[in-house]
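Peer 1: Below is one structure. I have some questions about it.
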Amino acid sequence: MATKKPEIPTLATLVEKLKNGELYEEVKKEVLNSQLWTSSFRHGYADTPRNRVLQIVSNVWLHLHPVKIHRHALRIKFTWCMGGITFLLFLSTVVTGVILMFYYRPVGEYAYFDMKYLQYDVPFGMLMRNMHRWAAHAMVITVWLHMFRVFLTGSYKPPREFNWVIGVFLVTFTLLLSFTGYLLPWDQLAMWAVTVGTNMARATPFLGHEGPFQEYVFGVSPRYDARSMLIGGSIVGPPALLRFYVLHCIFIPLVAGALMIVHFWRIRKDGGISGPL
Amino acid sequence: MAETITNENKKSVASTSKKSPKKDESKDTIWSRRDFFSIAGWAGFMATLGLSSLFFTRLLFPRVLFEPSPIFKAGKPSDYTVGEVSTKFIKSQRVWIVRDLEGIYVVFGLCTHLGCTPRWLNTEKKYKCPCHGSGFTKDGTNFEGPAPRPLEHLKITLDPDGIIEIDKSKKFLYEKGEWGKPGSKLLI
């Protein structure tokens, strides 16, 4: 742009320019005309009412939230904001969980010591682990309170019955996330909690080797049943740790995330948050 | 709502107007070429999906497990005296080996109440659970405390060398009438 050689300004002129706002205008012009800026943002932004609406309507993140909502939906006494808080807690477990994955190895020999290492030797590791843990605990509580509120306000009734069912799946996946995450510290508490928990799978109808009607299913034995599929063997050992890790970090979050998208979308499609009766 | 209806209407109108001349051409076939490829494509897709699910289910059960075998050898039948409960394997294998006049059977040391390991009290001739006080007779029948059913018996066989072989993965439950079944007792 500028073919003339820039003069080196004295401090006094700079201060003078700063005072009357000339410097700001010059820098702004320089930045807006730079190739970096013009190639990143193809055109300017006109601050018109139409553009403001478009900004909201076409924003993928704000899409989760409707463009306009009923006044009653803003009343904290009606919703307790429990669904939103649950989603916020889910997001914080995702962020802290990904950070924990930088250090944690789901291997029998390492898992427990990685947990200790994170807690005592990694800066902010203790904070990340505890944020993950407490957000997870809180999420279980808020998701139940959310369900309780939806029940009390009758919001499960048509046309919202489909979203209620999605919500029941989501509460189940929340509990499964907690359960699978419980094994990962790989200490005695984790071991025995999951031993007791997965022992229930022995009693699965048809597919558990101690469950009802298992005698009618070919090949069901302690070695080949619902429980051994879950823990990759007949005892809670390293294969169980690896399986629970994959379920905890990949499978369940993906499924729950997909269901959450449907859940939020259906709130809008079913006419927004239910009104007072 | 209104939009979708009009769209569908358009589609149906378009498809009928397009299809009707074609149908006249191929009256003698059950499926049109398009139908055939559509059905074949979906069938192939579903078959692939179904088979992959089967493969994946099988994949979750490896052929080799790196864990202690449920089968172990427990010496010769003559090692056990009639009328006695052997506590030789309770520490390492969690089983008692009992011999009566008829033969030898194996009692699993897992309390049927909440899963603690009971103790064999030789003076009182009973298994007693330290956790909640369940008591079992020599053959495992529950007679006191909260245990809801008798202790489980395990599979016992004799290998070709005359050595006792115990399989802890095969259980015999009294309440299912399995205590007399083959494998539940080594008759001598």
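Please treat every number below as a calculation from the coordinates, not as lab data. Just so it is clear, the model here is predicted, and its values are computed rather than measured. For neighbour counting, all protein chains shown are included, and Cβ atoms are generated from backbone atoms with ideal geometry for every residue, glycine included.
Peer 1: Give the residue from A:Ala135, B:Phe136, A:Ile69 lying farthest towards the positive end of the charge dipole for the protein assembly as shown; charges sit on Cβ (+1 for Lys and Arg, -1 for Asp and Glu) and the dipole is referred to the Cα centre.
Peer 2: A:Ile69
Peer 1: On to the next question. Ordered by residue, what ³J(HN,Hα) values in Hz, to whole numbers, does segment B:29-42 give under the Karplus form 6.51 cos²θ - 1.76 cosθ + 1.60, where θ = phi - 60° and Gly and Pro are x?
Peer 2: 9, 6, 10, 6, 4, 4, 4, 4, 5, 5, 5, 4, x, 5
Peer 1: Follow-up. Strictly under 4.7 angstrom between C-beta atoms: which cysteines of the protein assembly as shown have no such partner?
Peer 2: A:Cys81, A:Cys249
Peer 1: Still on this structure, please answer the following. With Cβ to Cβ distances under 15 Å as the rule, what net charge do the other residues near A:Leu127 carry (K, R +1; D, E -1)?
Peer 2: Every neighbour counted, the sum reads +1.
Peer 1: Rounded, prolate or oblate, given the Cα gyration tensor of segment A:81-269, with a/c below 1.5 counting as rounded?
Peer 2: oblate
Peer 1: Counting other C-beta atoms within 10 Å, which of A:Val196, A:Val236, B:Val106 has the fewest, and how do the rest follow?
Peer 2: Fewest-to-most Cβ neighbours within 10 Å comes out as A:Val196, A:Val236, B:Val106.
Peer 1: Okay, next question. Would you give the gap between the C-alpha center of segment A:238-277 and the C-alpha center of segment A:143-209, rounded to a whole Å?
Peer 2: 12
Peer 1: Can I ask one more? Going by a ≥ b ≥ c, the root eigenvalues of the Cα gyration tensor, does the protein assembly as shown fall in the rounded group (a/c under 1.5), the prolate group (a/b larger than b/c) or the oblate group?
Peer 2: Judged from the Cα gyration tensor, the protein assembly as shown comes out prolate (a/c at least 1.5, a/b above b/c).
Peer 1: Another question, then. Report, in degrees rounded to the nearest 10, the 0 to 90 angle that the Cα long axis of helix A:252-269 makes with the longest principal axis of chain A.
Peer 2: Once rounded, the angle reads 60 degrees.
Peer 1: Same structure, new question: Excluding the sites themselves, what is the longest stretch of chain B that contains no trypsin sites (Lys or Arg not before Pro) in a DSSP loop with at most 10 other C-beta atoms within 10 Å?
Peer 2: The answer is B:64-188.
Peer 1: Cut-off is 10 Å between beta-carbons; in what order do A:Ile250, B:Ile97, A:Ile231 appear when sorted fewest neighbours first?
Peer 2: If I rank by nearby Cβ atoms, fewest first, I get A:Ile250, A:Ile231, B:Ile97.
Peer 1: Fewest first, what order do B:Leu60, A:Leu118 take by the number of other Cβ atoms within 10 Å?
Peer 2: B:Leu60, A:Leu118
Peer 1: Pop out the ³J(HN,Hα) list for segment B:142-149 in order, Karplus 6.51 cos²θ - 1.76 cosθ + 1.60 with θ = phi - 60°, rounded to Hz; leave Gly and Pro as x.
Peer 2: 6, 9, 8, x, x, 4, x, 7
Peer 1: Residue by residue through A:230-236, how many Cβ atoms from other chains fall within 10 Å of the Cβ on average?
Peer 2: 3
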